[in-house]
Amino acid sequence: MDKFVIEGPARLEGEVAVSGAKNAALPCLAATLLTAEAVRLTNLPQVADVRTMQKVLGHVGARVEAEPDTITVAVPEIVSADAPYELVKTMRASVLVLGPLLARAGSVRVSLPGGCAIGVRPIDFHLAAFRKLGAEVSLQHGYVEAKASRLRGADIVFETVTVTGTENAMLAATLADGTTRLVNAAREPEVADLARLLVEMGARIEGAGTDRIVIEGVQTLHGADHEVVPDRIEAGTYAIAAAATRGDVAVRLCRPEHLRALTTRLESIGAHVAPDGDVLRVRAEGTLPAQDVATAPYPGFPTDLQAQWTALATGLDGVSTITETIFENRFHHVAELVRMGAMIRLEGRWAIVEGCRLTGANVMASDLRASAALVIAGLTAEGPTTIERVYHLDRGYSRMEENLNALGASVRRVT
Ligand code: EPZ
């Protein structure tokens, strides 16, 4: 039950290096189940969710050798093709083992992930894809059970863009008999990174990163070395914090081209944005005008930066309208920002934010990105802010307090 105590206001200045992407690391770790040979993943973020996925892999029978940002996984044999409730309830992304276990072991039993703070988040599109690939799928006692002697290639059209749904179908289709076409597939860089690893393992995949992915099934996959793509959401969080504190920050080891939806909006409020190779420099000063954003699947404005942008909007001049189109319940940070004096009105999927000065207060984190928003608000507020339950933050950000203190902030973790 760690807390953060932040002394505000602060002006961030300096450099920060981002880690590998959590949302690429998780499917890449799941992909290691597709082969009996060793797969070595580097540039992994040191975050709680990666450790949870390691536990899931260990439970299935994997040998996992972990170093700070590198993990080598070998699964000579699938000992038990299941992921129990105890593990899945701590991390929904555990469902990413469904596709690889079904493809490699021919049967799988995985706890159905319950809802989460940001929405109901069903996995019906995942299960529909497995049925299309010829699997028998049933729900028993809170578990998904799926089996197929060998999956068959198929055409799968996703009703709504789904990131892990696309990844699960792609993972399963790599070992299927024949060709699979994923239509209206997710285009996120994390999906493309997973496809890159699978191709390095011997899979035949074309079109990853577009809304139409074609997978030619193969008999077996082999070992590989893969460097996970940088975390665009972590990079975007620091870029927004730089603008919110009217600071000057160079975000290093990132891919600025993955953040265009954000950088165009930062430029439109008058921040200086300078991408240079794997560095994104963001500088801002003075009064910045309000700016609306609406979340959308990639390459649109990421829902995983919506809360952070809402925190920034509390310090912009005028009224910003934030529209959340992906998740039905992703405004938990609003009530906590209002505790800090923010002027925000919620109307269904809209948050209407009127700029004003925040004051420090005791607030509570509710989910990963909402906690990042509270940190940004604490950096801009007058006086101390205490954020409880920062374990939410630790799920997806490594060493945030050290990074912020190196940029001139005063953030203390109270254990
Ligand atoms: C991924 O979640 C990310 N998680 C999320 O990041 C991210 O917010 C989300 O994509 C959207 O970008 C990982 O990659 C591990 P979706 P995912 O399936 O795949 C509905 C973070 O903060 N849907 O693309 O679970 C769903 O309810 C996390 O790092 C169905 O109805 O999201 C949502 O409204 C949070 N049925 C929409 O589609 C399905 O079978 C998009 O969800 C699947 C999804």
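For the reader, a short list of remarks on this structure follows.
- Here is how the number arises for the chain: DSSP H runs of 4 or more residues each give -39500 (n - 2.57), the sum is divided by the residue count, and the result at 222 nm is -9000 deg cm²/dmol.
- Given charges at beta-carbon only (K, R positive; D, E negative), |dipole| of region 26-141 in Debye: 280
- Built amide H within the under 5 Å cut-off of Arg395, gap 5+: Ala48
- A simple charge model with +1 on the Cβ of Lys and Arg, -1 on the Cβ of Asp and Glu and nothing else charged puts the dipole of the chain at about 580 debye relative to its Cα centre.
- Integer Hz, Karplus 6.51/-1.76/1.60 couplings in order for region 244-253, x for Gly and Pro: 5, 9, 6, x, 8, 10, 9, 8, 9, 6
- Computed from Cα positions, the angle between helix 48-60 and the longest principal axis of the chain comes to roughly 10 degrees.
- In order along region 189-202, the Karplus-derived 3J(HN,Hα) couplings, from 6.51 cos²θ - 1.76 cosθ + 1.60 at θ = phi - 60°, round to x, 5, 5, 5, 5, 4, 4, 4, 4, 4, 5, 5, 8, x Hz, and Gly and Pro are given as x.
- Entry note, region 46-121: relative contact order of 25 percent, from Cα contacts under 8 Å with a spacing of 6+ residues.
- All lysines inside 29 Å of Lys3 as judged from Cα atoms, apart from same-chain residues fewer than 8 positions distant: Lys22, Lys55, Lys89
- The chain - Debye-derived log10 I(q)/I(0), Cα point model, q = 0.06, 0.07 Å⁻¹: -0.24, -0.32
- Structure remark: mean-square fluctuation, Gaussian network model of the chain, C-alpha springs under 10 Å; the largest value among Arg232, Arg357, Arg395 belongs to Arg357.
- Taking Lys and Arg as +1 and Asp and Glu as -1, the other residues whose beta-carbon sits under 12 Å from that of Ala38 total -1.
- Scaled to the globular estimate 2.2 N^0.38 Å, the Cα spread of region 289-394, given as radius of gyration, is 0.98.
- Across region 263-277, computed HN-Hα scalar couplings (Karplus, 6.51 cos²θ - 1.76 cosθ + 1.60, θ = phi - 60°) run 5, 5, 6, 4, 5, 6, 9, x, 6, 8, 10, 10, x, 8, x Hz from first to last residue, x flagging Gly and Pro.
- Scanning residues 5 or more positions from Ala17 or on other chains, those with amide H under 5 Å from its amide H are Arg252, with H placed 1.01 Å from N in the peptide plane.
- DSSP-defined antiparallel bridges as percent of all bridges, region 327-415, nearest 5: 55
- With respect to the chain, whose longest principal axis is taken over its alpha-carbon atoms, helix 368-380 is tilted by about 20°.
Readers should treat all values here as calculations from the given coordinates under stated rules, not as data from a laboratory. All values derive from a computational prediction rather than experimental measurement. For neighbour counting, all protein chains shown are included, and Cβ atoms are generated from backbone atoms with ideal geometry for every residue, glycine included.
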